[in-house]
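Everything below concerns the one structure shown next.
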Amino acid sequence: MQLSATPYEERLTAPRSWWFLSFLLGVSCALVLLPFGTLPTLGGLVGGTAAAAVVASSYGSPRIRVVGDSLIAGEAKIPVSALGASEVLDPEEARAWRTYKADVRAFLLLRAYIPGALRVEVTDPADPTPYLYLSTREPEALAAAIEAAKQAR
């Protein structure tokens with residue numbers, strides 16, 4: 001597999017505040033188990049924090065990558081030859097495309113805690129997906145990497 005001219009990789013990690021909330025959930029579990037003694041309280045603190053941290057980590061695990069002649073977004077792998085124009089969306093426009101402008105057939109890799117996004121048209125006539133909506137912290141860099149991958153093929 002040939003590497004793209006402008007490599008791009010981003011992990012859609014959860015914000016730092018979610019990790020603090022994970023700890024607070026552990027404290028809540030500990031308080032619930034407080035009447036049962038010290039060991040159950042510590043177990044609740046550790047178990048509750050760990051469970052919440054696993055959920056936060058798994059929700060923030062998707063990656064967006066441009067590798068060779070493919071765009072990999074989460075579990076989807078799309079050849080760049082099947083992609084059309086890219087549109088960088090500011091936070092207001094991104095919200096519109098997540099809500100009332102959305103098409104039910106579109107591929108959405110969205111994370112509400114990331115305000116910016118990139119909308120990429122799908123030009124493959126065999127694919128019923130009209131566009132990809134990708135939450136990204138750097139939509140301009142992703143659009144440039146997709147364009148560079150198109151030029152390199």
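The values are calculated or read from the model by the stated rules, or taken from the named source; none is laboratory data. These numbers were taken from a predicted model, which means no experiment stands behind them. Glycine also receives a Cβ, built like all others from the backbone with ideal geometry; neighbour counts cover every protein chain displayed. Accessible surface areas use protein heavy atoms only, side chains included; no ligands, DNA or RNA. Shrake-Rupley method; radii C 1.70, N 1.55, O 1.52, S 1.80 Å.
How big is the equivalent ellipsoid of the chain along its three axes, where each semi-axis is √(5λ) from the Cα gyration tensor, reported in whole Å from largest to smallest?
Details: eigenvalues 312, 55, 32 Å².
Semi-axes, largest first: 40, 17, 13 Å.
In debye to the nearest 20, how big a dipole does the chain give about its Cα centre with +1 on each Lys and Arg Cβ and -1 on each Asp and Glu Cβ? Could you put the intermediate results ahead of the total?
Numbers: 14 positive and 15 negative charges, 87 e Å.
About 420 debye.
For the chain, what % of the accessible area comes from carbon and sulfur atoms, probe 1.4 Å?
Numbers: 5350 of 8730 Å².
The computed percentage sits at 61.
Could you bin all the Cα-Cα distances of the stretch 19-108 into 10 Å bins starting at 0 and give me the percent of pairs in each, rounded to whole numbers?
The calculated distribution, bin by bin, is 15, 24, 23, 18, 15, 5, 0.
Sorted by accessible area (1.4 Å probe), largest first, how do 22, 86 line up? Spell out each step's value before the answer.
On the way: 22 5, 86 45 Å².
Ranked from most to least accessible, the order is 86, 22.
Taking N as the number of residues in the stretch 69-153, what is its alpha-carbon radius of gyration divided by 2.2 N^0.38 Å?
On the way: Rg = 12.1 Å, N = 85, 2.2 N^0.38 = 11.9 Å.
Against the compact-globule rule of thumb, the ratio is 1.02.
Would you work out which of 43, 13, 64 lies farthest towards the positive end of the dipole of the stretch 1-109? Charges go on Cβ: Lys and Arg +1, Asp and Glu -1.
Final value for the positive-end residue is 43.
If you place +1 on the Cβ of every Lys and Arg, -1 on the Cβ of every Asp and Glu, and leave all else neutral, what size is the dipole of the stretch 75-120 about its Cα centre, to the nearest 20 Debye? Intermediate results must be reported in sequence, preceding the final value.
Working: 7 positive and 6 negative charges, 33 e Å.
Dipole of the stretch 75-120, to the nearest 20 debye: 160 debye.
For a Förster distance of 41 Å, can you work out the FRET efficiency between the beta-carbons of residue 31 and residue 90, rounded to the nearest 0.05?
Details: r = 42 Å, r/R0 = 1.03.
Computed FRET efficiency for residue 31 and residue 90: 0.45.
Along the Cα→Cβ direction, 7 angstrom out, place labels at residue 110 and residue 124. What is the inter-label distance in nm?
Roughly 2.3 nm, to one decimal.
What's the angle, to the nearest 10 degrees (0 to 90), between helix 139-152's Cα axis and the longest principal axis of the chain?
40 degrees
So what is the 222 nm mean residue ellipticity for the chain from helices alone, if each DSSP H run of at least 4 adds -39500 (n - 2.57) and you divide by all residues, rounding to the nearest 500 deg cm²/dmol?
Details: 4 runs with 62 residues, N = 153.
Estimated from H runs of four or more residues: -13500 deg cm²/dmol.
Taking only protein heavy atoms and a 1.4 Å probe, what accessible area per residue, in Å², does the chain have with all protein chains in place? Intermediate values should be presented prior to the final figure.
Numbers: 8730 Å² over 153 residues.
Per-residue accessible area for the chain comes out at 57 Å².
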